Amino acid sequence: MSKIFCIANQKGGVGKTTTTVNLAAGLAQVGQRVLMVDLDPQGNATMGSGVDKRGLTLSVYDVLLESSSVREAAQRAPAGGYDVLGANRELAGAEVELVALAQRERRLKAALAQVAPDYDFVLIDCPPSLGLLTLNGLCAAHGVIVPMQCEYFALEGLSDLVNTIKQVHAKLNPDLQIIGLLRVMFDPRITLQQQVSEQLKGHFGDKVFDTVIPRNVRLAEAPSYGQPGVVFDPAAKGSQAFVEFAREMVARVPRL
């Protein structure tokens, strides 16, 4: 059975999509069967996986409205070794259309249940806002991976996210938990980042992943080539860190 994880943070610009795409590619490299679900209407995770969002005939939008199955809509990432359930601008309309439908928060969960035996990991890239799309992701997931920069405002956003997860856990998805906090865009030369990193470890303990993703130009360049950084430049420090993170995830899963 697949383990389903949301990559979520209510603060924008913290590397959610970069984390989702590179973790998917890293997991594929260490022998895992992976499905990446793009729940953001911008479709950045889709494009970053080398799939043209403008050319999608079926997308996660069709899956949420039950006009397509995951098996029909998913396609292989050209370079990443994982499957992609892509998104495009159509998905923006789903927020409105889902409101009137039955089981509106659990549609993604029902769709993913049909392909649970096909994958070891399902990674869901959530939009930064807490709407019906993000709720579908949180209701479908076993846990949340939180990428965050070690900065003061990131701590503020983290408390909001923790409260949201508690509410979803209490009302909609009793399985939901924080799997771990991933420190991204980390620069050890900056004293504040080291201080915030120590605060996180002091407060969250083993919920903070051992792996740290350094600030890395090659990771930022990779999406413009339609490839995960892990594939675009395997020798880059950021790429190697994501493969190490994938190994850490595989090691953690049996304990969850």
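The values are calculated or read from the model by the stated rules, or taken from the named source; none is laboratory data. Worth saying up front: this structure is predicted, and the values here are computed from it rather than measured. Using ideal geometry, Cβ is built from the backbone for each residue, glycine included, and neighbour counts are taken over all protein chains shown.
Number of residues in the stretch 120-137 that are assigned to a helix (DSSP H, G or I), in contact with a Leu (Cβ under 6 Å, 6 or more places away or on another chain) and of a type in the set (A, V, I, L, M, F, W, C) equals 2.
Whenever a residue of the stretch 34-47 is touching a residue at least 24 places away in the same chain (Cβ under 8 Å), its partners that are surrounded by 24 or more Cβ atoms within 10 Å (Cβ to Cβ) and among the aromatic types (F, W, Y), lying with C-beta atoms within less than 8 angstrom and at least six residues away or across chains, give the pairs V34/Y82; L35/Y82; M36/Y82.
Condition check: buried (at least 20 other Cβ atoms within 10 Å of the Cβ) and either over 25 Å from L56 (Cβ atoms) or not polar (S, T, N, Q) (or both). Does P117 satisfy that? For P117, the condition - buried (at least 20 other Cβ atoms within 10 Å of the Cβ) and either over 25 Å from L56 (Cβ atoms) or not polar (S, T, N, Q) (or both) - is not met.
Right, G31: over 18 Å from I145 (Cα atoms), without any contact (Cβ under 8 Å) to a residue 12 or more places away in the chain and either assigned to a loop (DSSP other than H, G, I, E, B) or among the acidic types (D, E) (or both) or not? In short, yes.
Which one is surrounded by the fewest Cβ atoms within 10 Å (Cβ to Cβ), of the residues in the stretch 143-158 that are touching a helix residue (DSSP H, G or I) at 6+ places or on another chain (Cβ under 8 Å) and part of a helix (DSSP H, G or I)? Per the criteria, the residue is Y152. For the stretch 49-72, enumerate the residues that are surrounded by 15 or more Cβ atoms within 10 Å (Cβ to Cβ) and in a loop (DSSP other than H, G, I, E, B). If the condition is that a residue be surrounded by 15 or more Cβ atoms within 10 Å (Cβ to Cβ) and in a loop (DSSP other than H, G, I, E, B), then S49, G50, V51, L56, L58, S59, L65, S68 are the ones that fit.
Go through the stretch 15-38 and count every residue that is of a type in the set (A, V, I, L, M), surrounded by fewer than 24 Cβ atoms within 10 Å (Cβ to Cβ) and either farther than 21 Å from A236 by Cβ or at pLDDT below 95 (or both). The number of residues fulfilling the criteria is 1.
Considering only residues in the stretch 198-256 that are among the aromatic types (F, W, Y) and within 11 Å of G180 (Cα to Cα), the one that is surrounded by the most Cβ atoms within 10 Å (Cβ to Cβ) turns out to be F209. Consider the stretch 3-13 and keep the residues that are of a type outside the set (K, R) and either buried (at least 24 other Cβ atoms within 10 Å of the Cβ) or within 18 Å of C139 (Cβ to Cβ) (or both). The one that is modelled with the lowest pLDDT is Q10.
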